[in-house]
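The structure appears right after this line, and notes come after that.
The values are calculated or read from the model by the stated rules, or taken from the named source; none is laboratory data. As the structure is a computational prediction, the values presented were derived from the model and not from experiment. Positions of Cβ are backbone-derived with ideal geometry, glycine not excepted, and every protein chain shown enters the neighbour counts. Surface accessibility is based on the protein's heavy atoms, side chains included, excluding ligands, DNA and RNA. Shrake-Rupley method; radii C 1.70, N 1.55, O 1.52, S 1.80 Å.
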Amino acid sequence: MNSFDYCNPVRIVFGEGEIARLSDLIPKGSKIMITSGGGSIFKNGIWDQVKSALAGYDIVEFKGIEPNPQYSTLMKAVDLAKKEKIDFLLAVGGGSVLDGTKFISVAAKYQGEDPWDIVEKGAKVNEAIPLGSVITLPATGSEMNCLAVVSRKEQEKKLPFGNPLIFPKFSIIDPAVTFSLPERQVSNGIVDTFVHVMEQYMTHPVNTPLQDRQAEGLILALMEEAAKLKADPNDYQVRANIFWMATWALNGWLNVGNVQCWATHMIGHELTAQTGTDHGRTLALVLPALWNHKRKEKGDKLVQFGQRVFGITGSDRDSIVDQTIAATKAFFASVGIVPSRKEYGITDEICRKVAKYIGDRGKLGDLKNIGEKEVYEILQLCD
Ligand code: NZQ
Ligand code: ZN
(Lines give C-alpha, C1' and ligand atoms only; values in the text may rest on other atoms or scores of the structure.)
(Ligands and ions follow the chains in the order given, each with its own letter.)
Protein backbone atom coordinates (compact mmCIF):
# COMPACT_ATOMS: atom_id res chain seq x y z
CA MET A 1 0.00 0.00 0.00
CA ASN A 2 1.18 3.53 -0.78
CA SER A 3 1.39 6.34 1.78
CA PHE A 4 -1.54 8.73 1.94
CA ASP A 5 -2.99 11.80 3.63
CA TYR A 6 -6.77 11.84 3.52
CA CYS A 7 -9.46 14.06 4.97
CA ASN A 8 -13.10 14.25 3.94
CA PRO A 9 -14.87 17.11 5.74
CA VAL A 10 -18.29 16.83 4.06
CA ARG A 11 -21.24 16.58 6.43
CA ILE A 12 -23.83 14.20 5.01
CA VAL A 13 -27.46 14.55 6.04
CA PHE A 14 -29.26 11.53 4.66
CA GLY A 15 -32.94 10.59 4.53
CA GLU A 16 -36.44 11.42 3.43
CA GLY A 17 -37.59 14.91 4.40
CA GLU A 18 -34.12 16.08 5.43
CA ILE A 19 -34.27 19.08 3.08
CA ALA A 20 -36.22 20.71 5.92
CA ARG A 21 -32.92 20.79 7.86
CA LEU A 22 -31.35 23.37 5.53
CA SER A 23 -31.63 26.20 8.00
CA ASP A 24 -29.62 24.19 10.58
CA LEU A 25 -26.83 23.84 8.04
CA ILE A 26 -26.45 27.31 6.51
CA PRO A 27 -25.22 30.10 8.78
CA LYS A 28 -28.01 32.47 9.81
CA GLY A 29 -27.95 35.79 8.00
CA SER A 30 -26.21 34.38 4.92
CA LYS A 31 -27.06 35.81 1.54
CA ILE A 32 -27.58 32.64 -0.48
CA MET A 33 -27.39 32.04 -4.20
CA ILE A 34 -29.38 28.92 -5.09
CA THR A 35 -28.20 27.33 -8.32
CA SER A 36 -30.25 24.89 -10.36
CA GLY A 37 -30.49 23.22 -13.75
CA GLY A 38 -33.04 23.04 -16.52
CA GLY A 39 -36.12 23.13 -14.29
CA SER A 40 -36.68 19.62 -12.90
CA ILE A 41 -36.65 20.92 -9.32
CA PHE A 42 -39.58 23.20 -10.04
CA LYS A 43 -41.72 20.28 -11.25
CA ASN A 44 -41.00 17.59 -8.67
CA GLY A 45 -41.53 19.51 -5.43
CA ILE A 46 -37.85 19.88 -4.45
CA TRP A 47 -37.90 23.66 -4.91
CA ASP A 48 -40.94 24.01 -2.66
CA GLN A 49 -39.16 22.09 0.09
CA VAL A 50 -35.99 24.19 -0.28
CA LYS A 51 -37.90 27.45 -0.31
CA SER A 52 -39.92 26.69 2.79
CA ALA A 53 -36.82 25.42 4.64
CA LEU A 54 -35.05 28.70 3.89
CA ALA A 55 -37.87 31.11 4.71
CA GLY A 56 -36.37 34.30 6.08
CA TYR A 57 -33.01 34.02 4.27
CA ASP A 58 -32.01 36.54 1.63
CA ILE A 59 -32.03 34.46 -1.58
CA VAL A 60 -30.84 35.02 -5.14
CA GLU A 61 -31.65 32.39 -7.77
CA PHE A 62 -29.49 31.27 -10.67
CA LYS A 63 -31.24 28.80 -13.00
CA GLY A 64 -30.19 27.07 -16.19
CA ILE A 65 -26.95 25.21 -15.45
CA GLU A 66 -27.02 22.61 -18.19
CA PRO A 67 -25.87 18.97 -18.13
CA ASN A 68 -22.08 19.04 -18.64
CA PRO A 69 -22.00 22.58 -17.22
CA GLN A 70 -20.72 25.21 -19.60
CA TYR A 71 -18.12 27.80 -18.71
CA SER A 72 -20.10 30.59 -20.43
CA THR A 73 -23.20 29.87 -18.29
CA LEU A 74 -21.17 29.59 -15.11
CA MET A 75 -19.43 32.90 -15.71
CA LYS A 76 -22.85 34.60 -15.75
CA ALA A 77 -23.44 33.12 -12.30
CA VAL A 78 -20.00 34.33 -11.18
CA ASP A 79 -20.90 37.88 -12.22
CA LEU A 80 -24.21 37.66 -10.36
CA ALA A 81 -22.59 36.25 -7.22
CA LYS A 82 -20.08 39.10 -7.18
CA LYS A 83 -22.71 41.76 -7.86
CA GLU A 84 -25.02 40.43 -5.15
CA LYS A 85 -22.17 39.87 -2.66
CA ILE A 86 -23.25 36.26 -2.10
CA ASP A 87 -21.77 34.55 0.94
CA PHE A 88 -23.20 31.04 0.56
CA LEU A 89 -23.93 28.92 -2.52
CA LEU A 90 -26.55 26.18 -2.47
CA ALA A 91 -26.58 23.79 -5.42
CA VAL A 92 -29.91 22.04 -5.91
CA GLY A 93 -29.63 19.47 -8.67
CA GLY A 94 -27.52 16.71 -10.19
CA GLY A 95 -23.75 16.50 -10.59
CA SER A 96 -23.74 19.15 -13.30
CA VAL A 97 -25.39 21.79 -11.12
CA LEU A 98 -23.13 20.91 -8.22
CA ASP A 99 -19.94 20.82 -10.31
CA GLY A 100 -20.90 24.13 -11.88
CA THR A 101 -21.47 25.61 -8.43
CA LYS A 102 -18.08 24.36 -7.26
CA PHE A 103 -16.53 26.27 -10.14
CA ILE A 104 -18.59 29.40 -9.34
CA SER A 105 -17.39 29.22 -5.72
CA VAL A 106 -13.72 29.50 -6.64
CA ALA A 107 -14.09 31.60 -9.79
CA ALA A 108 -15.97 34.31 -7.87
CA LYS A 109 -12.99 34.75 -5.54
CA TYR A 110 -10.24 34.25 -8.12
CA GLN A 111 -7.68 37.04 -8.21
CA GLY A 112 -6.04 36.11 -11.53
CA GLU A 113 -7.07 37.24 -15.03
CA ASP A 114 -9.02 34.29 -16.40
CA PRO A 115 -10.88 31.84 -14.13
CA TRP A 116 -10.67 29.18 -16.87
CA ASP A 117 -7.03 28.84 -15.77
CA ILE A 118 -8.33 27.18 -12.58
CA VAL A 119 -9.68 24.36 -14.71
CA GLU A 120 -7.15 24.12 -17.50
CA LYS A 121 -3.91 25.14 -15.83
CA GLY A 122 -4.59 24.26 -12.20
CA ALA A 123 -4.14 27.94 -11.27
CA LYS A 124 -3.87 28.46 -7.54
CA VAL A 125 -6.98 29.60 -5.68
CA ASN A 126 -6.83 30.72 -2.09
CA GLU A 127 -10.47 31.36 -1.34
CA ALA A 128 -13.95 30.15 -2.23
CA ILE A 129 -17.54 31.05 -1.44
CA PRO A 130 -18.67 28.25 0.88
CA LEU A 131 -21.17 25.88 -0.71
CA GLY A 132 -23.64 23.17 0.20
CA SER A 133 -25.79 20.87 -1.87
CA VAL A 134 -29.14 19.19 -2.17
CA ILE A 135 -28.08 16.46 -4.58
CA THR A 136 -30.86 15.05 -6.74
CA LEU A 137 -29.18 12.38 -8.85
CA PRO A 138 -27.13 9.39 -7.64
CA ALA A 139 -24.15 9.21 -9.98
CA THR A 140 -21.16 11.48 -9.65
CA GLY A 141 -20.31 11.40 -5.95
CA SER A 142 -19.76 15.15 -6.32
CA GLU A 143 -21.76 15.61 -3.10
CA MET A 144 -18.90 14.21 -1.07
CA ASN A 145 -15.78 15.07 -3.04
CA CYS A 146 -13.69 18.05 -4.08
CA LEU A 147 -13.81 17.45 -7.81
CA ALA A 148 -15.70 19.18 -10.60
CA VAL A 149 -15.88 18.84 -14.37
CA VAL A 150 -16.47 21.91 -16.53
CA SER A 151 -17.06 22.11 -20.28
CA ARG A 152 -16.19 24.84 -22.75
CA LYS A 153 -18.03 24.11 -25.96
CA GLU A 154 -16.38 26.73 -28.16
CA GLN A 155 -12.98 25.20 -27.39
CA GLU A 156 -14.28 21.58 -27.58
CA LYS A 157 -13.09 20.99 -24.01
CA LYS A 158 -14.44 19.12 -20.99
CA LEU A 159 -11.94 19.12 -18.16
CA PRO A 160 -11.85 18.08 -14.50
CA PHE A 161 -10.29 20.03 -11.64
CA GLY A 162 -9.98 19.41 -7.94
CA ASN A 163 -9.36 21.55 -4.87
CA PRO A 164 -10.07 21.01 -1.15
CA LEU A 165 -11.77 24.43 -1.13
CA ILE A 166 -14.67 23.02 -3.16
CA PHE A 167 -15.65 20.27 -0.75
CA PRO A 168 -19.31 21.02 0.06
CA LYS A 169 -19.82 22.09 3.68
CA PHE A 170 -22.75 19.67 3.67
CA SER A 171 -24.80 17.61 1.28
CA ILE A 172 -28.40 16.61 1.82
CA ILE A 173 -29.22 13.27 0.23
CA ASP A 174 -32.95 12.61 0.20
CA PRO A 175 -33.45 9.40 -1.80
CA ALA A 176 -37.13 10.27 -2.33
CA VAL A 177 -36.11 13.05 -4.74
CA THR A 178 -34.94 10.38 -7.19
CA PHE A 179 -38.46 9.11 -7.91
CA SER A 180 -38.84 11.80 -10.55
CA LEU A 181 -35.68 10.81 -12.42
CA PRO A 182 -36.07 9.63 -16.00
CA GLU A 183 -35.02 5.97 -16.39
CA ARG A 184 -32.18 7.06 -18.65
CA GLN A 185 -30.59 9.08 -15.84
CA VAL A 186 -31.01 6.25 -13.35
CA SER A 187 -29.11 3.92 -15.72
CA ASN A 188 -26.44 6.52 -16.37
CA GLY A 189 -25.94 6.92 -12.62
CA ILE A 190 -25.58 3.20 -11.98
CA VAL A 191 -22.97 2.86 -14.72
CA ASP A 192 -21.13 5.98 -13.53
CA THR A 193 -21.00 4.50 -10.02
CA PHE A 194 -19.71 1.16 -11.33
CA VAL A 195 -17.00 2.84 -13.38
CA HIS A 196 -15.91 5.15 -10.54
CA VAL A 197 -15.19 2.08 -8.45
CA MET A 198 -13.35 0.46 -11.31
CA GLU A 199 -11.13 3.47 -12.01
CA GLN A 200 -9.81 3.05 -8.47
CA TYR A 201 -9.60 -0.74 -8.54
CA MET A 202 -8.76 -2.06 -12.00
CA THR A 203 -5.09 -1.14 -11.96
CA HIS A 204 -1.87 -3.03 -11.41
CA PRO A 205 -1.96 -4.48 -7.87
CA VAL A 206 -0.23 -2.57 -5.05
CA ASN A 207 -1.28 -4.78 -2.14
CA THR A 208 -4.50 -3.13 -0.91
CA PRO A 209 -6.63 -6.05 0.33
CA LEU A 210 -9.06 -3.88 2.33
CA GLN A 211 -9.64 -1.40 -0.49
CA ASP A 212 -10.05 -4.29 -2.96
CA ARG A 213 -12.70 -5.96 -0.84
CA GLN A 214 -14.48 -2.65 -0.28
CA ALA A 215 -14.60 -2.04 -4.03
CA GLU A 216 -15.76 -5.59 -4.79
CA GLY A 217 -18.37 -5.35 -2.02
CA LEU A 218 -19.68 -2.08 -3.41
CA ILE A 219 -20.03 -3.59 -6.90
CA LEU A 220 -21.75 -6.73 -5.59
CA ALA A 221 -24.22 -4.61 -3.63
CA LEU A 222 -24.75 -2.29 -6.61
CA MET A 223 -25.59 -5.21 -8.90
CA GLU A 224 -28.02 -6.63 -6.35
CA GLU A 225 -29.77 -3.31 -5.78
CA ALA A 226 -29.87 -2.50 -9.51
CA ALA A 227 -31.75 -5.76 -10.10
CA LYS A 228 -34.17 -4.93 -7.27
CA LEU A 229 -34.75 -1.45 -8.69
CA LYS A 230 -35.66 -2.95 -12.04
CA ALA A 231 -38.18 -5.21 -10.32
CA ASP A 232 -39.67 -2.34 -8.29
CA PRO A 233 -38.70 1.23 -9.21
CA ASN A 234 -40.91 2.52 -6.37
CA ASP A 235 -38.89 0.91 -3.57
CA TYR A 236 -37.52 3.75 -1.40
CA GLN A 237 -35.03 1.48 0.40
CA VAL A 238 -33.44 0.39 -2.87
CA ARG A 239 -33.17 3.99 -4.04
CA ALA A 240 -31.58 4.93 -0.71
CA ASN A 241 -29.00 2.16 -1.02
CA ILE A 242 -28.13 3.06 -4.59
CA PHE A 243 -27.69 6.73 -3.67
CA TRP A 244 -25.31 5.90 -0.82
CA MET A 245 -23.30 3.62 -3.11
CA ALA A 246 -22.96 6.40 -5.68
CA THR A 247 -21.71 8.73 -2.97
CA TRP A 248 -19.27 6.15 -1.64
CA ALA A 249 -17.92 5.25 -5.06
CA LEU A 250 -16.22 8.62 -5.34
CA ASN A 251 -15.76 10.07 -1.88
CA GLY A 252 -12.09 9.18 -1.91
CA TRP A 253 -12.08 6.30 0.54
CA LEU A 254 -11.64 3.59 -2.06
CA ASN A 255 -8.46 5.04 -3.43
CA VAL A 256 -6.49 5.78 -0.28
CA GLY A 257 -3.13 4.01 -0.51
CA ASN A 258 -4.05 2.82 -3.96
CA VAL A 259 -3.13 3.64 -7.56
CA GLN A 260 -5.79 4.87 -9.96
CA CYS A 261 -6.55 4.77 -13.66
CA TRP A 262 -8.94 7.49 -14.82
CA ALA A 263 -8.36 6.80 -18.52
CA THR A 264 -11.93 5.65 -19.20
CA HIS A 265 -13.24 8.92 -17.74
CA MET A 266 -10.79 11.11 -19.61
CA ILE A 267 -11.63 9.45 -22.94
CA GLY A 268 -15.34 9.57 -22.06
CA HIS A 269 -15.16 13.30 -21.27
CA GLU A 270 -13.63 14.01 -24.69
CA LEU A 271 -16.34 11.95 -26.40
CA THR A 272 -18.99 13.97 -24.58
CA ALA A 273 -17.27 17.21 -25.59
CA GLN A 274 -17.35 16.08 -29.24
CA THR A 275 -20.77 14.44 -29.46
CA GLY A 276 -22.81 15.45 -26.40
CA THR A 277 -23.27 11.79 -25.44
CA ASP A 278 -24.28 11.32 -21.76
CA HIS A 279 -21.35 10.80 -19.38
CA GLY A 280 -22.50 7.33 -18.24
CA ARG A 281 -22.95 6.11 -21.79
CA THR A 282 -19.46 7.11 -22.89
CA LEU A 283 -18.09 5.15 -19.92
CA ALA A 284 -20.08 2.03 -20.79
CA LEU A 285 -18.63 2.24 -24.28
CA VAL A 286 -14.98 2.81 -23.37
CA LEU A 287 -14.43 0.71 -20.22
CA PRO A 288 -14.72 -2.79 -21.79
CA ALA A 289 -12.53 -1.74 -24.74
CA LEU A 290 -9.91 -0.28 -22.42
CA TRP A 291 -9.82 -3.47 -20.35
CA ASN A 292 -9.44 -5.49 -23.51
CA HIS A 293 -6.55 -3.30 -24.67
CA LYS A 294 -4.81 -3.32 -21.27
CA ARG A 295 -5.57 -6.97 -20.44
CA LYS A 296 -1.90 -7.68 -19.67
CA GLU A 297 -1.22 -4.83 -17.24
CA LYS A 298 -4.64 -5.17 -15.58
CA GLY A 299 -4.67 -8.96 -15.84
CA ASP A 300 -4.27 -9.82 -12.13
CA LYS A 301 -7.10 -7.51 -11.09
CA LEU A 302 -9.34 -8.50 -14.02
CA VAL A 303 -9.00 -12.13 -12.99
CA GLN A 304 -9.55 -11.32 -9.30
CA PHE A 305 -12.63 -9.25 -10.14
CA GLY A 306 -14.05 -11.92 -12.44
CA GLN A 307 -13.55 -14.66 -9.89
CA ARG A 308 -14.72 -12.80 -6.80
CA VAL A 309 -17.55 -10.70 -8.25
CA PHE A 310 -18.86 -12.74 -11.17
CA GLY A 311 -17.91 -16.14 -9.78
CA ILE A 312 -15.97 -17.08 -12.92
CA THR A 313 -14.02 -20.35 -12.58
CA GLY A 314 -11.30 -22.09 -14.58
CA SER A 315 -7.58 -21.55 -14.94
CA ASP A 316 -7.15 -19.95 -18.36
CA ARG A 317 -6.44 -16.28 -17.58
CA ASP A 318 -7.35 -15.00 -21.02
CA SER A 319 -10.65 -16.78 -20.89
CA ILE A 320 -11.41 -15.38 -17.41
CA VAL A 321 -10.61 -11.86 -18.66
CA ASP A 322 -12.89 -12.33 -21.68
CA GLN A 323 -15.68 -13.57 -19.42
CA THR A 324 -15.16 -10.67 -16.99
CA ILE A 325 -15.48 -8.16 -19.82
CA ALA A 326 -18.57 -9.94 -21.15
CA ALA A 327 -20.19 -10.05 -17.69
CA THR A 328 -19.53 -6.32 -17.21
CA LYS A 329 -21.17 -5.51 -20.56
CA ALA A 330 -24.09 -7.76 -19.59
CA PHE A 331 -24.52 -5.79 -16.36
CA PHE A 332 -24.59 -2.51 -18.30
CA ALA A 333 -27.16 -4.04 -20.66
CA SER A 334 -29.25 -5.20 -17.69
CA VAL A 335 -29.67 -1.57 -16.61
CA GLY A 336 -30.55 -0.54 -20.15
CA ILE A 337 -27.24 0.62 -21.59
CA VAL A 338 -25.97 -1.10 -24.73
CA PRO A 339 -23.49 1.43 -26.01
CA SER A 340 -22.86 1.99 -29.69
CA ARG A 341 -20.12 4.07 -31.26
CA LYS A 342 -22.21 4.50 -34.37
CA GLU A 343 -25.36 5.51 -32.51
CA TYR A 344 -23.40 8.06 -30.46
CA GLY A 345 -22.04 9.60 -33.69
CA ILE A 346 -18.41 8.78 -32.93
CA THR A 347 -16.80 8.92 -36.35
CA ASP A 348 -13.22 8.02 -37.19
CA GLU A 349 -12.45 11.74 -37.42
CA ILE A 350 -13.71 12.20 -33.84
CA CYS A 351 -11.63 9.23 -32.64
CA ARG A 352 -8.50 10.80 -34.11
CA LYS A 353 -9.32 14.20 -32.60
CA VAL A 354 -10.02 12.73 -29.15
CA ALA A 355 -6.80 10.71 -29.27
CA LYS A 356 -4.79 13.78 -30.24
CA TYR A 357 -6.35 16.05 -27.59
CA ILE A 358 -5.57 13.51 -24.89
CA GLY A 359 -2.11 12.70 -26.26
CA ASP A 360 -1.21 16.39 -26.28
CA ARG A 361 -1.95 16.62 -22.55
CA GLY A 362 0.27 13.66 -21.57
CA LYS A 363 -0.21 9.98 -20.83
CA LEU A 364 -3.11 8.41 -18.97
CA GLY A 365 -3.50 5.35 -16.77
CA ASP A 366 -2.02 3.96 -13.58
CA LEU A 367 1.10 3.11 -15.57
CA LYS A 368 1.02 6.31 -17.65
CA ASN A 369 1.10 4.30 -20.84
CA ILE A 370 -2.06 5.46 -22.60
CA GLY A 371 -1.19 8.18 -25.11
CA GLU A 372 -2.53 9.27 -28.49
CA LYS A 373 -1.82 5.95 -30.23
CA GLU A 374 -3.36 3.84 -27.46
CA VAL A 375 -6.48 6.04 -27.13
CA TYR A 376 -7.08 5.65 -30.86
CA GLU A 377 -6.58 1.89 -30.61
CA ILE A 378 -8.98 1.68 -27.63
CA LEU A 379 -11.61 3.62 -29.56
CA GLN A 380 -11.25 1.12 -32.44
CA LEU A 381 -12.03 -1.69 -29.98
CA CYS A 382 -15.29 0.01 -28.88
CA ASP A 383 -18.54 -1.58 -30.06
O1 NZQ B 1 -31.21 20.15 -15.28
P2 NZQ B 1 -32.39 19.55 -14.61
O3 NZQ B 1 -33.68 20.09 -15.07
O4 NZQ B 1 -32.26 19.56 -13.12
O5 NZQ B 1 -32.46 18.00 -15.07
C6 NZQ B 1 -31.40 17.11 -14.87
C7 NZQ B 1 -30.62 16.81 -16.15
O8 NZQ B 1 -31.42 16.98 -17.28
C9 NZQ B 1 -32.00 15.77 -14.55
N10 NZQ B 1 -32.28 15.57 -13.12
C11 NZQ B 1 -31.40 15.65 -12.07
N12 NZQ B 1 -32.02 15.30 -10.93
C13 NZQ B 1 -33.32 15.03 -11.25
C14 NZQ B 1 -33.48 15.21 -12.63
N15 NZQ B 1 -34.67 15.01 -13.25
C16 NZQ B 1 -35.70 14.63 -12.49
N17 NZQ B 1 -35.62 14.41 -11.16
C18 NZQ B 1 -34.44 14.60 -10.49
N19 NZQ B 1 -34.34 14.32 -9.18
O20 NZQ B 1 -31.01 14.83 -14.95
C21 NZQ B 1 -30.29 15.34 -16.07
C22 NZQ B 1 -28.82 15.05 -15.91
O23 NZQ B 1 -28.30 15.77 -14.81
P24 NZQ B 1 -26.73 15.92 -14.57
O25 NZQ B 1 -26.53 16.73 -13.36
O26 NZQ B 1 -26.07 16.36 -15.84
O27 NZQ B 1 -26.30 14.39 -14.34
P28 NZQ B 1 -25.15 13.81 -13.43
O29 NZQ B 1 -25.48 13.92 -12.00
O30 NZQ B 1 -24.91 12.46 -13.99
O31 NZQ B 1 -23.88 14.74 -13.68
C32 NZQ B 1 -23.09 14.60 -14.84
C33 NZQ B 1 -21.94 15.59 -14.80
O34 NZQ B 1 -21.06 15.30 -13.70
C35 NZQ B 1 -19.72 15.11 -14.18
C36 NZQ B 1 -19.97 14.57 -15.57
O37 NZQ B 1 -18.82 14.64 -16.38
C38 NZQ B 1 -21.08 15.46 -16.05
O39 NZQ B 1 -20.58 16.72 -16.45
N40 NZQ B 1 -18.96 14.28 -13.24
C41 NZQ B 1 -18.59 14.81 -12.07
C42 NZQ B 1 -17.81 14.13 -11.16
C43 NZQ B 1 -17.42 14.72 -9.86
N44 NZQ B 1 -17.73 15.97 -9.60
O45 NZQ B 1 -16.81 14.05 -9.03
C46 NZQ B 1 -17.31 12.78 -11.45
C47 NZQ B 1 -18.01 12.11 -12.57
O48 NZQ B 1 -17.15 11.14 -13.10
C49 NZQ B 1 -18.45 13.00 -13.68
O50 NZQ B 1 -17.39 13.23 -14.60
ZN1 ZN C 1 -18.09 9.55 -13.76
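Numbers below:
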quantity	calculated
Percent carbon-and-sulfur accessible area, the chain, ignoring ligands, DNA and RNA, probe 1.4 Å	51 percent
The range 268-326: trypsin sites (Lys or Arg not before Pro) in DSSP coil with no more than 15 other Cβ atoms inside 10 Å	K296
Antiparallel bridges, percent of DSSP beta bridges restricted to the chain (to nearest 5)	25 percent
Most fluctuating residue given options P164, P175, P138, as computed from a GNM of the chain linking Cα atoms under 10 Å	P164
Estimated dipole of the range 95-239 in Debye, rounded to 20 [Cβ of Lys and Arg +1, of Asp and Glu -1, Cα centre]	200 debye
Cα gyration tensor category, rounded, prolate or oblate, for the range 297-383 with a/c compared to 1.5	oblate
Relative contact order (%) - criterion: Cα under 8 Å, at least six apart; region: the chain	16 percent
Sequence-separation-based contact order of the range 12-76, relative, with Cα cut under 8 Å and 6+ spacing, percent	41 percent
Accessible solvent surface per residue of the chain, calculated while the other protein chains remain in place, 1.4 angstrom probe, Å²	42 Å²
Antiparallel %, DSSP beta bridges [both residues in the range 125-236], to 5	65 percent
Per DSSP, loop GluC sites (Glu not before Pro) in the range 10-111 with at most 16 further Cβ within 10 Å	E16, E84
Mean separation of Cα contacts under 8 Å (6+ apart) over length of the range 72-174, as relative contact order %	31 percent
Proximal lysines relative to K31, as straight alpha-carbon distance under 24 Å, when same-chain residues fewer than 8 apart are discounted	K51, K63, K76, K82, K83, K85, K102, K109, K169
Cα gyration tensor category, rounded, prolate or oblate, for the range 1-77 with a/c compared to 1.5	oblate
Candidates D24, D174, D212, ranked by Gaussian network fluctuation over the chain, Cα under 10 Å, top entry	D24
Dipole magnitude (debye, nearest 20) for the range 35-135, charges at Cβ of Lys, Arg, Asp, Glu	140 debye
Local net charge near T264, Cβ-Cβ under 13 Å (Lys/Arg +1, Asp/Glu -1)	-2
Qualifying chymotrypsin sites (Phe, Trp or Tyr not before Pro) for the range 312-383 [loop in DSSP, other Cβ within 10 Å: at most 11]	none
Cα-based shape type of the range 163-216, given that a ≥ b ≥ c are square roots of the gyration tensor eigenvalues and the cut on a/c is 1.5	oblate
Top of L22, L137, L271 by mean-square fluctuation, Gaussian network on the chain, Cα under 10 Å	L22
